[in-house]
Amino acid sequence: MAPDRFDITDRSETMKAVVTTGHGGYDRLIYRDVPVPQPGPGEVLIRVLAAGINNTEINTRLGWYSTSVTTGTQAAAETTENGASVRSDGGWDKATPFPFIQGTDCCGQVVSTHDAGDAPLVGRRVLVRPCMRTQGFGSLDNIWMASDFDGAFAEFVKVPAAEVFPVDCGWTDAELATIPCAYGTAENMLHRAGLKAGETVLITGASGGVGSAAIQLARRRGARVVAVTSHDKIKAVQELGCDIVLDRTQDPIDALGESSVDLVVDNVAGDHFSRMPKLLQRGGRYVSSGAIGGPMVTFDMRDFYLKDLTFIGCTAWDAPVFPNLVAYIERGEIRPLLAGTFPLERIADAQREFMRKRHVGNFVLRP
């Protein structure tokens, strides 16, 4: 009789993990022993080699997705650390399953599978696709690792085998861990918006994980890239290959003129949102998957309908997105932007540094 599990390593019954115990400050991040997950039918067990840090983990801990929160991530973090609380509707589209393990980005090695058909994955270094279309790609329904179920801020994580992608490249584990959420989100936005060679795209928040990824992914499509960032990061962003880099204190209309871009990629929103529709040419597109500068915006509907604009919201990733990223990595068409690494137990220090926004790219935790 065939075994029901295929395993390459001996393990104890427990592992170290960071457990997020509820909405709140850094005190909600508890480093402790938890049971090692056991893969069920269709699942594999992965030893986590490196796990990236993203806005989404911080937003989930803060309860930022609650309708009661009207400020950006930074202001919400300051309010929460000062003792204020937010409502329990702070998850993506349902209550967050506290206590649970966060960690959306995972580079790891498959060490165990439940099903014989997945045994060839054992021993492979892989990335995990965190956005999972459980009803198939004909439906926009989706769940996310580390928002809807346990993620990669641990020594081991179990995931569906269908969401595991082997990667053959010379990158380090930490470099690979910068990819899934940030680059997947950026690739999905550009794919959904149909960015083409020769078009002009404006990218806000250009030094962050998603913004810096979008610059590279837009450049490989042959687009003309205009980036917006803080004054102290202009040089670093220019080195990513932008055609124009604007200081975020500048009025982009003064710098570029109205109706000057084909596509806006904006995960900042906030006070500057009202300028974005005016920048778009007739028939232009605006795409977003975040609002770290603040979710409440002022919007002149006349810009929208008189210019025949298209607005695109992105959470569910389309089918080609993650396979595309793996191909780009293996062909050397993109490069990682690793801002620094921290041991897993120093997650609070890593998130504090992340929130200072002095970096370009992504921070990574190592179990």
*asked:* Checking the structure you have, find out if any residue of region 84-104 is of a type in the set (Gly, Ala, Ser), surrounded by fewer than 17 Cβ atoms within 10 Å (Cβ to Cβ), modelled with pLDDT of 95 or more and over 24 Å from the mean Cα position of the chain (by Cα).
replied: no
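Could you identify the single residue in Ser230, Ser207, Ser212 that is at pLDDT 95 or above, within 27 Å of Leu365 (Cα to Cα), surrounded by fewer than 21 Cβ atoms within 10 Å (Cβ to Cβ) and small (Gly, Ala, Ser)?
Values: Ser207 fails: surrounded by fewer than 21 Cβ atoms within 10 Å (Cβ to Cβ); Ser212 fails: surrounded by fewer than 21 Cβ atoms within 10 Å (Cβ to Cβ).
Going through Ser230, Ser207, Ser212 in turn, the sole match is Ser230.
Evaluate region 170-183: report whether one residue or more is β-branched (Val, Ile, Thr), within 22 Å of Val128 (Cβ to Cβ) and open to solvent by less than 10 Å² (accessible area, probe 1.4 Å). Don't jump to the end; show me each part of the working.
Step one: filter region 170-183 for residues β-branched (Val, Ile, Thr), giving 172, 178-179.
Still in the list and also within 22 Å of Val128 (Cβ to Cβ): 172, 178-179.
Next, only the ones that are open to solvent by less than 10 Å² (accessible area, probe 1.4 Å) stay: 178-179.
Yes, region 170-183 contains a residue that is β-branched (Val, Ile, Thr), within 22 Å of Val128 (Cβ to Cβ) and open to solvent by less than 10 Å² (accessible area, probe 1.4 Å).
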_Boolean, Gly136 is assigned to a loop (DSSP other than H, G, I, E, B), over 18 Å from Thr56 (Cβ atoms) and open to solvent by less than 30 Å² (accessible area, probe 1.4 Å)_ = yes
*Kindly indicate whether Leu202 is touching a Leu at 6+ places or on another chain (Cβ under 7 Å) and at negative phi.*
yes
*Can we say Ala17 is among the hydrophobic types (A, V, I, L, M, F, W, C) and crowded, with 22+ Cβ neighbours inside 10 Å?*
yes
_Among the residues that make up region 338-348, is at least one of them in contact with a Phe, Trp or Tyr (Cβ under 9 Å, 6 or more places away or on another chain) and within 22 Å of Ile203 (Cβ to Cβ)?_
yes
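If the requirement is being assigned to a strand (DSSP E or B) and within 22 Å of the chain's Cα centre (by Cα), which of these qualifies: Phe354, Phe322, Phe342?
On the way: Phe354 fails: assigned to a strand (DSSP E or B); Phe322 fails: assigned to a strand (DSSP E or B).
Just a single option satisfies the conditions, and that option is Phe342.
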*Inside region 148-161, can you point out the residues that are touching a helix residue (DSSP H, G or I) at 6+ places or on another chain (Cβ under 9 Å) and either open to solvent by 30 Å² or more (accessible area, probe 1.4 Å) or modelled with pLDDT under 95 (or both)?*
Glu155
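Only residues that are under 20 Å from Gly205 (Cα atoms) and either part of a helix (DSSP H, G or I) or open to solvent by 20 Å² or more (accessible area, probe 1.4 Å) (or both): list them for region 308-319, please.
Going residue by residue through region 308-319, those that are under 20 Å from Gly205 (Cα atoms) are 311-315.
Within region 308-319, Phe311, Ile312, Gly313, Thr315 qualify.
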_Output for region 28-54, where each listed residue is crowded, with 24+ Cβ neighbours inside 10 Å, assigned to a loop (DSSP other than H, G, I, E, B) and of a type in the set (Val, Ile, Thr)_ = Ile53
*Which condition number in (1) over 18 Å from the mean Cα position of the chain (by Cα); (2) surrounded by 24 or more Cβ atoms within 10 Å (Cβ to Cβ) is the one that Ser260 fails?*
(2)
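The values are calculated or read from the model by the stated rules, or taken from the named source; none is laboratory data. It should be emphasised that the depicted structure is a prediction, and the values quoted were computed from it without experimental measurement. As a convention, Cβ positions derive from the backbone with ideal geometry for all residues, glycine included, and neighbour counts pool all protein chains shown. All accessible areas refer to the heavy atoms of the entire protein, side chains included, with ligands and DNA or RNA removed. Shrake-Rupley method; radii C 1.70, N 1.55, O 1.52, S 1.80 Å.
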